[in-house]
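Asker: One structure, pasted below without further comment.
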Amino acid sequence: MSGKLRLGIAGLGTVGVGVIKIIRREAALLRARTGTEITITAVAARTRSKDRGVSLTGYEWEDDPVVLATRDDVDVFVELMGGSDGPAKAATEAALKAGKDVVTANKAMMAVHGQALAELAEAHNRVIRFEAAVAGGIPVVKSLIEGLAGNDITRVMGVMNGTCNYILTRMESAGLPYETVFEEANQLGFLEADPELDVGGIDAGHKLALLASAAFGTRVAFDAMELEGIGRLTIEDIRAAGDMGYRIKLLGVARMTGRGLEQRMSPCLVPMTSPLGQLEGGTNMVVLEGNSVEQIVLRGPGAGEGPTASAVMADVCDIARGLRLPVFGQAATSLVDAVPARSVTPAAYYLRMTLQDKPGALAKIAAVLGDAGISINRMRQYDHEGDGAPVLIVTHRTSRDALDRALAAMDKTGVVETTPVAIRIEEV
């Protein structure tokens, strides 16, 4: 493409402002790298009068993002409003029908409506690019769809919510309980308006669903994902995991198995010495595994003005260069419905419980595990807490079904004082 590429930007929050800054600051660099002058024609946001720290002089203003998306002088609609439905979805659909390409950072919209939007885009010979929707500034979508196109992907795994990683690493380093660090993160502005999107694993689950579709050629299936947040984790779990050589992460894992597509976003233990185990603060990390490349690790900032705007501009530049790929790496109509498979891959598990302090209590738990076909790898008993005896068990590899049977049977032994905590140990 030569000449000009004209953008219409809907949403002037942190990311939208970051995009404007890059286009202004790097105009010469962008032209040199794309052979195209990238300009902004018009913008839209909820409030005109807000001071955003950047001048909007020279840009037309539209109150309605749908009108912005269909302007004759807009080539690419940049959707940065957020939300799975509402104005974001309506404007994106209008843009595609009007013959515009779309760049979005909207993980919720793509995770819920990605298949329909991809089919709409391809029916109108348009593209949707969503690098900024997954892991901020890390080019994971591009790596998966382009760099690893010659690989049969075997597993996608990663820490994809910086807020959760911040909370967990802060709990560990400061020895603080979850509730205290949660409030600290909220005061610092790290949490979404609905905190459950972060700590409940929903935000990260949206991202994993998109990567799974691109990795395995399946329709986006966020509704089929196993989701568990970090709210039940205690400082005792973090300390106990550390004693056993592990760290706890909110970890997303997707893989295709003989029974179907396994998608999990849940707390997991990972070896302290692994790349994921060494990840600190708000940083994201995605691990991609393929049959030819084996394993690659991508690490970087998962959010923020600069990193996310950088990802938006990477997509804009690809469009300016004339690179036109299917939304999820292959034709949307060729994507298949995946059979959901719940935690079918065997794994070791961390179990923490408090038993009654009486003879034979631990033997009953060991017997329950043995009856379920689960063998014990390591076991540790801590100083008594009142009348209870805290116990930590690490099992050998087992199925989740077997573990669930064992946990149900433990409740009937009469020796368990607290509901056992069970956390998967992921091999990395």
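Asker: Can you name the residue in the range 150-160 that is open to solvent by 10 Å² or more (accessible area, probe 1.4 Å) and out of contact with any Gly (no Cβ under 7 Å at 6 or more places or on another chain) and, of all such residues, is nearest to residue 137 (Cα to Cα)?
Answerer: 155
Asker: Give the number of residues within the range 37-69 that are more than 22 Å from residue 308 (Cβ to Cβ) and open to solvent by less than 40 Å² (accessible area, probe 1.4 Å).
Answerer: The number of residues fulfilling the criteria is 1.
Asker: Which of the residues spanning the range 210-258 are assigned to a loop (DSSP other than H, G, I, E, B), farther than 19 Å from residue 180 by Cβ and of a type outside the set (Lys, Arg)?
Answerer: Correct list: 217, 220, 221, 225, 228, 244, 245, 258.
Asker: Take the conditions loosely packed, with under 13 Cβ neighbours inside 10 Å and polar (S, T, N, Q) and apply them to residue 381. Does it pass?
Answerer: Answer is yes for this residue.
Asker: When the range 259-276 is examined, which residues are found to be outside any strand (DSSP E or B), buried (at least 17 other Cβ atoms within 10 Å of the Cβ) and hydrophobic (A, V, I, L, M, F, W, C)?
Answerer: Once the filter is applied, which keeps residues that are outside any strand (DSSP E or B), buried (at least 17 other Cβ atoms within 10 Å of the Cβ) and hydrophobic (A, V, I, L, M, F, W, C), the range 259-276 yields only 276.
Asker: Return yes when residue 353 is outside any loop (DSSP other than H, G, I, E, B), in contact with a Pro (Cβ under 7 Å, 6 or more places away or on another chain) and modelled with pLDDT under 95 and no when it is not.
Answerer: yes
Asker: Among the residues of the range 239-288, write down those that are in contact with a Cys (Cβ under 6 Å, 6 or more places away or on another chain) and without any contact (Cβ under 8 Å) to a residue 40 or more places away in the chain.
Answerer: Selection gives nothing.
Asker: Checking residue 315 against (1) within 29 Å of residue 131 (Cβ to Cβ); (2) assigned to a loop (DSSP other than H, G, I, E, B); (3) not small (Gly, Ala, Ser), only one condition comes out false. Which one?
Answerer: Only one criterion in (1) within 29 Å of residue 131 (Cβ to Cβ); (2) assigned to a loop (DSSP other than H, G, I, E, B); (3) not small (Gly, Ala, Ser) is unmet by residue 315, namely (2).
Asker: Could you look through the range 191-209, keep only residues that are assigned to a helix (DSSP H, G or I) and farther than 12 Å from residue 252 by Cα, and pick out the one that is most open to solvent (accessible area, probe 1.4 Å)?
Answerer: 196
Asker: Are any residues in the range 330-362 surrounded by fewer than 16 Cβ atoms within 10 Å (Cβ to Cβ) and of a type in the set (Lys, Arg), and if so, which ones?
Answerer: Correct list: 342, 358.
Asker: Only residues that are among the aliphatic types (A, V, I, L, M) and either open to solvent by less than 10 Å² (accessible area, probe 1.4 Å) or in a helix (DSSP H, G or I) (or both): list them for the range 318-329, please.
Answerer: Scanning the range 318-329 gives 319, 320, 327.
Asker: Also, I was wondering about something else. Just give me the residues in the range 384-399 being in a loop (DSSP other than H, G, I, E, B), surrounded by 13 or more Cβ atoms within 10 Å (Cβ to Cβ) and not basic (Lys, Arg), in sequence order.
Answerer: Once the filter is applied, which keeps residues that are in a loop (DSSP other than H, G, I, E, B), surrounded by 13 or more Cβ atoms within 10 Å (Cβ to Cβ) and not basic (Lys, Arg), the range 384-399 yields 396, 399.
Asker: State which residue pairs qualify: first residue touching a residue at least 24 places away in the same chain (Cβ under 8 Å) and part of a helix (DSSP H, G or I) and inside the range 77-105, second residue open to solvent by 30 Å² or more (accessible area, probe 1.4 Å) and of a type in the set (S, T, N, Q) in any location, beta carbons under 6 Å apart, and separation of 6 or more residues or different chains.
Answerer: These pairs meet every condition: 94/70.
Asker: Quick one: in the range 280-307, of everything that is modelled with pLDDT of 95 or more and in a loop (DSSP other than H, G, I, E, B), which residue is least open to solvent (accessible area, probe 1.4 Å)?
Answerer: The residue in question is 293.
The values are calculated or read from the model by the stated rules, or taken from the named source; none is laboratory data. Values in this document were obtained by computation on a predicted structure and should not be read as measured data. No Cβ is skipped: glycine too gets one built from the backbone with ideal geometry, and neighbour counts run over all protein chains shown. Calculation scope for accessible area: heavy atoms of the full protein, side chains included, ligands and nucleic acids excluded. Shrake-Rupley method; radii C 1.70, N 1.55, O 1.52, S 1.80 Å.
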